[in-house]
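Quick notes on the structure that follows.
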Amino acid sequence: MVYITSWDEFVERSVQLFRADPDATRYVMKYRHCDGKLVLKVTDNRECLKYKTDQAQEAKKMEKLNNIFFTLMARGPEVDLSEVTGKEQTDAQPTKRGRGRKQ
Amino acid sequence: MVLLQLDPFLNELTSMFERSTETGSVWVTLKRSTLKSKAVRNKMATAGEAIEYRCLIRATNGKKTISTSVGAKDHQRFQASYATILKAHMTSLKKRERKEKKKSAEADKREGTSKRPKKS
């Protein structure tokens, strides 16, 4: 099984995979509380990408990925992912304001 | 395979997580679907109608499977509730030390002393 080590690479490749074949691509999550392990899989039945972790901070990243997939699947693969970038913009703006005040 | 409405699905998912704390896994699958057969879809495409896509969500604990279908209108609400459930239950994942200095300090201490944990 292809386990990807970089989170960002996993996200980018899985979004690409989904956009290439939205009807066949699925996103699977497996959680084992007794082992404390989380495994994510994205496949289009031809190619398979997996990511495993046992870190709590990765769970937060996974939530963002969940949001991405929900938006893509419910609205369609042509969606701009402006939700994600919109959040990033709102995160960036307050920091800029903060720097302005300090100056 | 049990197809449920949104809220009952979330309740069942919560109880599934609670039941699998000691042993077992919880699988959640997300897939895009129209919930209509290929023939119907082709007809709709030729008729020029917009095909409504929904997000199919399945959850299983290896023995029981539940599922629900989320449309574009409900997906924001479902997303929020789903995130809350996951956050509440994924408690066995390890938390990392934020300060790297602490890590190296701990590693030095461990190398110096025995492997028995000291209670300070």
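The values are calculated or read from the model by the stated rules, or taken from the named source; none is laboratory data. As the structure is a prediction and not an experimental result, all values here were calculated from the model. Neighbour counts run over all protein chains shown; Cβ positions are idealised from the backbone, glycine included.
Within region A:1-30, if we keep just the residues that are hydroxyl-bearing (Ser, Thr, Tyr) and surrounded by 13 or more Cβ atoms within 10 Å (Cβ to Cβ), the residue that is nearest to the chain's Cα centre (by Cα) turns out to be A:Ser14. Screening B:Ala39, B:Ala72, B:Ala88, B:Ala80 for residues that are small (Gly, Ala, Ser), surrounded by 16 or more Cβ atoms within 10 Å (Cβ to Cβ) and either more than 7 Å from chain A (Cβ to nearest Cβ) or not in a strand (DSSP E or B) (or both) leaves exactly one candidate, B:Ala72.
This table checks each residue for (1) under 26 Å from A:Asp23 (Cα atoms); (2) in contact (Cβ under 8 Å) with a residue 40 or more places away in the chain; (3) part of a strand (DSSP E or B).
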| site | (1), (2), (3) |
| --- | --- |
| B:Thr14 | no, yes, no |
| B:Val28 | yes, no, yes |
| B:Lys31 | yes, no, yes |
| B:Leu35 | yes, no, no |
| B:Ala45 | yes, no, no |
| B:Ile51 | yes, no, no |
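All conditions but one from (1) at pLDDT 85 or above; (2) facing chain A (nearest Cβ under 8 Å) apply to B:Tyr53; the one that does not is (1). On inspection, B:Glu52 fails the criterion of being surrounded by fewer than 16 Cβ atoms within 10 Å (Cβ to Cβ) and touching a His at 6+ places or on another chain (Cβ under 9 Å). Residue count for region B:13-36 under the criterion of being farther than 17 Å from A:Thr25 by Cβ, surrounded by 17 or more Cβ atoms within 10 Å (Cβ to Cβ) and of a type in the set (Val, Ile, Thr): the result is 1.
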